[in-house]
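> Dropping the structure in here first, questions after.
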Amino acid sequence: MVEEQAIGAFAALAHENRLTIFRALMRSGEAGMAAGDIALAAGLAPSNVSFHVAQMERAGLLRSWRVRRNIFYAVETEGVQRLLRFLTEDCCAGHPELCGLQLVASAGRDLGKPASSDEKLTGGTAAE
């Protein structure tokens, strides 16, 4: 990911409603959510949801598909991983695992949760 793409992704997330939508879609997983369900979850009008998801989709953070009359949205995992790699590629002289930053979530552990000291040393989960 080049800097211009990263700036676009950050700009797409730099709004309260878009961040709320993005986090709801992160929780929904691969199945994603219908646009109407996103509107209910975020407390927004459906037309507002369309505007916000379009910006995140253009930034490569979301994907969409149609099933009959419904449009579904889900997080574009590869786009999010590219953004995280962009953020962490220079960490600890190119070794983000030394800082506890891992891009692949280990079983039972969130991406946002710092690794334990055992994980930092072994590169895996503490239970391994």
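The values are calculated or read from the model by the stated rules, or taken from the named source; none is laboratory data. Just so we're clear, the structure is a prediction, and the values are computed from it rather than from any experiment. Cβ sites come from the backbone with ideal geometry, for glycine too, and all protein chains shown count toward neighbours. Heads up: the accessible areas ignore ligands, DNA and RNA and are worked out on the full protein's heavy atoms, side chains in. Shrake-Rupley method; radii C 1.70, N 1.55, O 1.52, S 1.80 Å.
> Which residue, of Ala54, Ala31, is loosely packed, with under 13 Cβ neighbours inside 10 Å, modelled with pLDDT of 75 or more and among the aliphatic types (A, V, I, L, M)? Before you say what the answer is, go through the steps one by one.
Values: Ala54 fails: loosely packed, with under 13 Cβ neighbours inside 10 Å.
None of the others qualify; the one that does is Ala31.
> Scan the stretch 71-81 and give yes if some residue there is surrounded by 17 or more Cβ atoms within 10 Å (Cβ to Cβ), of a type in the set (Asp, Glu) and in a loop (DSSP other than H, G, I, E, B), otherwise no.
Checked the stretch 71-81: at least one residue is surrounded by 17 or more Cβ atoms within 10 Å (Cβ to Cβ), of a type in the set (Asp, Glu) and in a loop (DSSP other than H, G, I, E, B).
> Within the stretch 15-26, can one find any residue that is more than 12 Å from the chain's Cα centre (by Cα) and part of a helix (DSSP H, G or I)?
Going residue by residue through the stretch 15-26, those that are more than 12 Å from the chain's Cα centre (by Cα) are 15-17.
Now drop any that are not part of a helix (DSSP H, G or I), which leaves 16-17.
The answer is yes, given that some residue of the stretch 15-26 is more than 12 Å from the chain's Cα centre (by Cα) and part of a helix (DSSP H, G or I).
> Now for a different question. With respect to Thr122, is the statement that it is polar (S, T, N, Q), modelled with pLDDT under 90 and open to solvent by 80 Å² or more (accessible area, probe 1.4 Å) true? Steps first, please.
Numbers: polar (S, T, N, Q): yes; modelled with pLDDT under 90: yes; open to solvent by 80 Å² or more (accessible area, probe 1.4 Å): yes.
Yes: the conditions hold for Thr122.
> Identify all residues within the stretch 25-58 that are farther than 19 Å from Ala9 by Cα and among the acidic types (Asp, Glu); write none if there are none.
Glu30, Asp37 - these are the residues of the stretch 25-58 that are farther than 19 Å from Ala9 by Cα and among the acidic types (Asp, Glu).
> Here's a follow-up. Condition check: touching a Gly at 6+ places or on another chain (Cβ under 7 Å), surrounded by 17 or more Cβ atoms within 10 Å (Cβ to Cβ) and in contact (Cβ under 8 Å) with a residue 40 or more places away in the chain. Does Ala12 satisfy that?
Values: touching a Gly at 6+ places or on another chain (Cβ under 7 Å): no; surrounded by 17 or more Cβ atoms within 10 Å (Cβ to Cβ): yes; in contact (Cβ under 8 Å) with a residue 40 or more places away in the chain: yes.
For Ala12, the condition - touching a Gly at 6+ places or on another chain (Cβ under 7 Å), surrounded by 17 or more Cβ atoms within 10 Å (Cβ to Cβ) and in contact (Cβ under 8 Å) with a residue 40 or more places away in the chain - is not met.
> Report, ordered by the first and then the second residue, all pairs with beta carbons closer than 8 Å, sequence separation of six or more or different chains, a first member in the stretch 21-41 that is under 17 Å from Gln55 (Cα atoms), and a second member that is hydroxyl-bearing (Ser, Thr, Tyr) and part of a helix (DSSP H, G or I).
Cβ pairs passing all conditions: Ala35/Ser50.
> Here's a follow-up. Give just the number: which of (1) open to solvent by 80 Å² or more (accessible area, probe 1.4 Å); (2) over 17 Å from Met1 (Cα atoms); (3) modelled with pLDDT under 95 does Arg66 not satisfy?
Of everything listed in (1) open to solvent by 80 Å² or more (accessible area, probe 1.4 Å); (2) over 17 Å from Met1 (Cα atoms); (3) modelled with pLDDT under 95, Arg66 misses just condition (3).
> Among the residues that make up the stretch 86-101, is at least one of them in contact with a Phe, Trp or Tyr (Cβ under 8 Å, 6 or more places away or on another chain) and either at pLDDT 85 or above or within 13 Å of Ala9 (Cα to Cα) (or both)? Walk me through how you get there before you give the answer.
In the first step, residues of the stretch 86-101 are kept if they are in contact with a Phe, Trp or Tyr (Cβ under 8 Å, 6 or more places away or on another chain); the result is none.
There is no residue in the stretch 86-101 that is in contact with a Phe, Trp or Tyr (Cβ under 8 Å, 6 or more places away or on another chain) and either at pLDDT 85 or above or within 13 Å of Ala9 (Cα to Cα) (or both).
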